[in-house]
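The block underneath contains the structure these notes are about, expressed in structure tokens.
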Amino acid sequence: MSTAALSELQPPPEPHQPEIGIEEVARDMSRAIEHAEVNAWLDLYDAAPADFAARHGLSIARDGDLVWTTCTTIPFIHFNCVKNIGVDGPATEAEVDALLAHYRAAGILRPWFYTSPHTEPSRLRCWLEARGLQHQSGWERIFRDATPLAAEPLFPADDLSVEEVTPETAPEWASFIDGKYRLPTSPWLLALVGRKGWHHYMLKRDGAVAAVRSLFISDGTAWSGIDAPVPGIMAPSFDLDAMLGERLVRDGIAAGAKLFVADIEAPRPERDGPAYRNYARLGFRIAYLRSHYSYLPAHSS
């Protein structure tokens, strides 16, 4: 009997159960999720000091509902990306071409485009690939409502504490972020401390910053980002980020947030592992995988 025949006699593998809930969200919910991030970035760019923006060629532009960012000196995905193409209405090939022309004129070698299962039209991915962009990465879009967490801490740790950033501690927070990402953004970050809607947190061990994460609340929607180190990418441990996430959810609910939006930036095909387990404990569910498209780096073969 052949090996192939023997394999056919084996029982099929047990179906894998993701370690977090998955919800097939409607298009309206996907728009609300994407708007949460877009609104945060619009406000973030509005806060940028004029001299910092001029020095780094930093700008954010709008055409109707479409939003895209540009930065001529810092090749960071968030600073040179089309935030929401195909989200509020069908994209067009002319729109894609105009955006690519904009980035070429600005000298941006690797602009980024985001797509999701709800992006219109579905052939947008084909248009991007036909122009040389390739699927580079993606993040799990996760969300939760305002259901309260249990009163007892979910991730207790005696040697760690979470504190909200104040004007006095802002330089420490900004320096930590810039050090982790090797960026010069401290003047911009400092402008966000005390700004309406923004809440920034530091997790400390023995008085030293070990991890950070921020929350932006607007119109009852809370977006979580500006996190460092990114668990699973910049750091092996997911526990510090989980503690920060718990504080953000508790404070966000107290502030009146009804929808929370975050990302798992190190997605796994089986949707298992500590990031998924921790966010499930925090009440989050997966909405969809958001895919990222860009040109390959110049040094790639």
Quick check on my filter: what residues within the stretch 214-234 are modelled with pLDDT of 95 or more and aliphatic (A, V, I, L, M)? Leu215, Ile217, Ala222, Ile226, Ala228
Residue list for the stretch 232-241, restricted to those being within 15 Å of the chain's Cα centre (by Cα) and either crowded, with 16+ Cβ neighbours inside 10 Å or acidic (Asp, Glu) (or both): Gly232, Asp241
Report yes if some residue within the stretch 138-155 is surrounded by 15 or more Cβ atoms within 10 Å (Cβ to Cβ), over 28 Å from Leu215 (Cα atoms) and in contact with a Ser or Thr (Cβ under 8 Å, 6 or more places away or on another chain); otherwise report no. no
For His102, work out the one condition from (1) assigned to a helix (DSSP H, G or I); (2) open to solvent by less than 50 Å² (accessible area, probe 1.4 Å) it doesn't fulfil. (2)
Output the number of the condition that Glu120 fails; it satisfies all remaining conditions of (1) assigned to a loop (DSSP other than H, G, I, E, B); (2) modelled with pLDDT under 95; (3) open to solvent by 40 Å² or more (accessible area, probe 1.4 Å). (2)
Scanning the stretch 54-78 residue by residue, the ones that are surrounded by 15 or more Cβ atoms within 10 Å (Cβ to Cβ) and assigned to a strand (DSSP E or B) total 7
Those residues of the stretch 70-104 which are more than 18 Å from the chain's Cα centre (by Cα) and either outside the structural domain of Pro121 (by the TED database) or of a type in the set (Ser, Thr, Tyr) (or both), in sequence order: Thr72, Thr73, Thr92, Tyr103
Single residue of the stretch 162-171 satisfying the filter (outside any loop (DSSP other than H, G, I, E, B) and not small (Gly, Ala, Ser)) that is surrounded by the most Cβ atoms within 10 Å (Cβ to Cβ): Val162
Only one of Ala174, Ala151, Ala130, Ala208 is without any contact (Cβ under 8 Å) to a residue 24 or more places away in the chain and in the same structural domain as Glu93 (by the TED database); which? Ala130
Any idea how many residues of the stretch 26-47 are crowded, with 20+ Cβ neighbours inside 10 Å and either over 14 Å from Thr221 (Cα atoms) or charged (D, E, K, R) (or both)? 3
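The values are calculated or read from the model by the stated rules, or taken from the named source; none is laboratory data. It should be emphasised that the depicted structure is a prediction, and the values quoted were computed from it without experimental measurement. We place every Cβ from the backbone using ideal geometry, glycine too, and count neighbours over all the protein chains shown. The area values use the complete protein model at the heavy-atom level, side chains included, leaving out ligands, DNA and RNA. Shrake-Rupley method; radii C 1.70, N 1.55, O 1.52, S 1.80 Å.
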